[in-house]
1. So what's the angle, to the nearest 10 degrees on a 0 to 90 scale, between helix B:31-118 and the longest Cα principal axis of chain B?
2. Using a simple charge model, +1 on the beta-carbon of Lys and Arg, -1 on the beta-carbon of Asp and Glu, nothing else, what dipole does the protein assembly as shown show about its Cα centre, in debye to the nearest 20?
3. Calculate, axis by axis, the spread of Cα positions in the protein assembly as shown along the three principal axes, and write the results as whole Å, longest axis first.
4. Under a point-charge model restricted to the Cβ atoms of Lys and Arg (+1) and Asp and Glu (-1), what is the dipole moment magnitude of chain B relative to its Cα centre, in debye to the nearest 20?
5. Based on other C-beta atoms within 10 Å, arrange A:Leu135, B:Leu49 from fewest to most.
6. Using a Debye calculation, one point per C-alpha and no hydration shell, please list log10 I(q)/I(0) for chain B at q = 0.16, 0.17 Å⁻¹ in order.
7. Which value, in nm² and rounded to one decimal, describes the direction-averaged projected area of the C-alpha convex hull of chain A?
8. Taking the Cα atoms only, what angle lies between the long axis of helix B:3-29 and the longest principal axis of chain B, rounded to 10 degrees?
Amino acid sequence: MPQRPVVVVTSRQRPHELVLLLASVLLGLGYLLTVPPPQSLAAVVPAWLVTTWSVGLLLSGALGLLGAFWRGSILVALELERAALLVSTGALLLIGGASFAVAGWRALFGGSIILAWGVANIVRCVQIGQDTHKLLNP
Amino acid sequence: MNNWVSALLGGSFGGGVLGAIVVLARLYANRGIVKATTEQLKAAAADRLSDTAAEMVRQIREDARAEIARARVEVTQARDEAVQARQEASEARREATEARREAMDANREFRRLKTAILSPYATVERLRELVGDPGSNGTAAAVAPH
């Protein structure tokens, strides 16, 4: 077997990401089961999209946690995480954009945090893309 | 609310979901490559680790050899020092025996001289003979021994 360099991936466990993924699971479950949807979101998009958004939150959180704790192939773990972060980014753009659309500048703080979370997800997706590229093309 | 806002937000969400589907589909389609790459990565890591372990063993063996050689030198030095110490002790014992013998000789000579000096038959000529002085008038040679 030909020699190939060992690629060390050192940044798999990130507390902010893990906590927010867990929060996504809980929020998704909550909005699907009992909690009424955010007013801004309900005002902007149809009910079916709100439900889909809740499912997206739940799935992205569960998929992200699964990827974070995956003990098999590192490539599978990273790709699961990337897929989860992409869904999460879409969900965050939806709720963040709805907040600004409904409340305008009054949504600056909450909306900015939500959008920043989405931007961080995109940055992490780019990181994962670079890592997987290095792993597949040493 | 404008429809285009709804469309934009729904589109962004849909884009995210679509991206995730693409990622998962590509992962599934490339599962063979992923599996092979994972095995290669594991093999490379194990190989590198075994190289490291072998290097560690070699280093430990070299250290042990150096330590043994150093210990041997120290044992040889200690043995030489012990031989030298034994020789010095033997020399000291021999010198002590010699000193005791010389002291006994000196004591015997002293007793002989004392006896001769204190003898009621002691004469000047005899005493001169004892100390090896022939005398100034040449009469010592004529002194008859006891």
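Values in this text are rule-based calculations from the coordinates and carry no lab data. Model, not experiment: these values are computed from the prediction. Cβ coordinates were reconstructed from backbone atoms using ideal geometry, including for glycine residues, and neighbour counts include every protein chain displayed.
1. The helix B:31-118 is inclined about 10 degrees to chain B.
2. Values: 30 positive and 24 negative charges, 134 e Å.
Taking the Cα centre of the protein assembly as shown as origin, the dipole is about 640 debye.
3. Taking the Cα atoms of the protein assembly as shown, the three principal extents are 164, 51, 32 Å.
4. Values: 22 positive and 20 negative charges, 120 e Å.
Its charge dipole is roughly 580 debye.
5. Details: A:Leu135 19, B:Leu49 11.
Least to most surrounded, the residues fall as B:Leu49, A:Leu135.
6. The computed values of log10 I(q)/I(0) come out as -1.05, -1.08.
7. Values: hull surface 37.0 nm².
Average projection, Cα convex hull of chain A: 9.2 nm².
8. 60
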